[in-house]
Amino acid sequence: MSRIGKKPIPLPAGVKYKVEGNTVLVEGPKGKVSALIAEGISLETVGKELHVIRDDDKHAAFHGLTRALVYNAVQGVTAGWKKELDIVGIGYRAEMKGKGTVVFTLGYSHQIEVPLPSGIEVTVDPKMTHLSISGIDRQKVGQVAADMRSLRKPDPYKNKGVRYSDEKLKKKAGKTGAK
């Protein structure tokens, strides 16, 4: 039996869900998110909890995955998801251009403009070196953060670049000088 799949999902007040075919639409105070439900998996409400139930052991591989996807949707419409990025390096910065574009200056010969997908909000601090990416879809928030980080990954020798705020980097030693 799947340990993750067995866990019930708490349903906060104001959150509703509707199953349509192989998708579930979760609606809450922050908006609507849809998640996929694997074949042979069903959802059942017991009190203020949502249980993910599988028909038989043939569908065991997708039991925990389906529960995690539905849980992420419920969390997204109630609290939302957030990723933090730090920009380290002299002259490296990010700024908002309008409401839907972030412009990065990362030491290249040109600036990089990143358009934001719908449902994603980015805030840049006044020093222009810290970004907060937030939204209700966990996958979309993580993908946007990963795309921004990949513009200039942290250098292992100088530790310059774009990194997650909670990321721990190991600095490598450079060349040793000739004696």
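Read-outs: derived from the displayed coordinates by stated rules, not from any lab. None of the values given here were measured: they were computed from a predicted structure. Heads up, the Cβs are rebuilt from the backbone with ideal geometry, glycines too, and the neighbour counts pull from every protein chain shown.
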**OP:** Please give the length that would be gained between Thr123 and Lys16 if that part of the chain were fully extended, namely 0.36 nm times their separation in residues minus their C-alpha to C-alpha distance (nm, one decimal).
**Re:** 35.6 nm
**OP:** Determine, from the Cβ-Cβ distance of Ser134 and Lys175 and an R0 of 41 Å, the FRET efficiency 1/(1 + (r/R0)^6), rounded to the nearest 0.05.
**Re:** 0.45
**OP:** Give me the distance between the Cα centres of the stretch 1-72 and the stretch 115-133, rounded to whole Å.
**Re:** 30
Original post:
Cα extents of the chain along the three principal axes, largest first, in whole Å?
Top reply: 69, 46, 23
**OP:** Would you mind ranking Asp56, Asp86, Asp147 so that the residue whose beta carbon has the fewest other beta carbons within 10 Å leads the list?
**Re:** Asp56, Asp147, Asp86
Original post:
Of His51, His59, His130, which is the most mobile in a GNM of the chain whose springs link Cα atoms less than 10 angstrom apart?
Top reply: His59
Original post:
What residues qualify as long-range amide H neighbours of Ile37, i.e. H under 5 Å apart, gap of 5 or more or another chain, H built at 1.01 Å from N?
Top reply: Thr23, Val24
Original post:
What number comes out for the charge environment of Gly89, summing +1 per Lys or Arg and -1 per Asp or Glu over other residues with Cβ under 11 Å away?
Top reply: +3
**OP:** With a point put 7 Å past each Cα toward its Cβ, work out how far Met96 is from Thr45 in nm, to one decimal.
**Re:** 3.6
Subject >> 20 Å Cα-Cα threshold exceeded, pairs from Lys82/Lys140; Lys140/Lys171; Lys30/Lys83; Lys83/Lys168; Lys82/Lys170; Lys97/Lys158 >> reply: Lys140/Lys171; Lys82/Lys170; Lys97/Lys158
**OP:** Sequence neighbours fewer than 8 away in the same chain don't count; with that in mind, list the aspartates and glutamates whose C-alpha is under 13 Å from Lys160.
**Re:** Asp86
Subject >> Sum of -39500 (n - 2.57) over DSSP H runs of 4+, divided by residues of the chain (222 nm, nearest 500) >> reply: -5500 deg cm²/dmol
**OP:** Give the value in nm², to one decimal: projected area of the alpha carbon convex hull of the stretch 81-164, averaged over all directions.
**Re:** 5.2
**OP:** Count charges around Leu25 for me, please; just the other residues with Cβ under 11 Å from its Cβ, Lys/Arg as +1, Asp/Glu as -1.
**Re:** +1
Subject >> Fewest-first ranking of Ile53, Ile90, Ile9, using other Cβ atoms within 10 Å as the exposure measure >> reply: Ile90, Ile53, Ile9
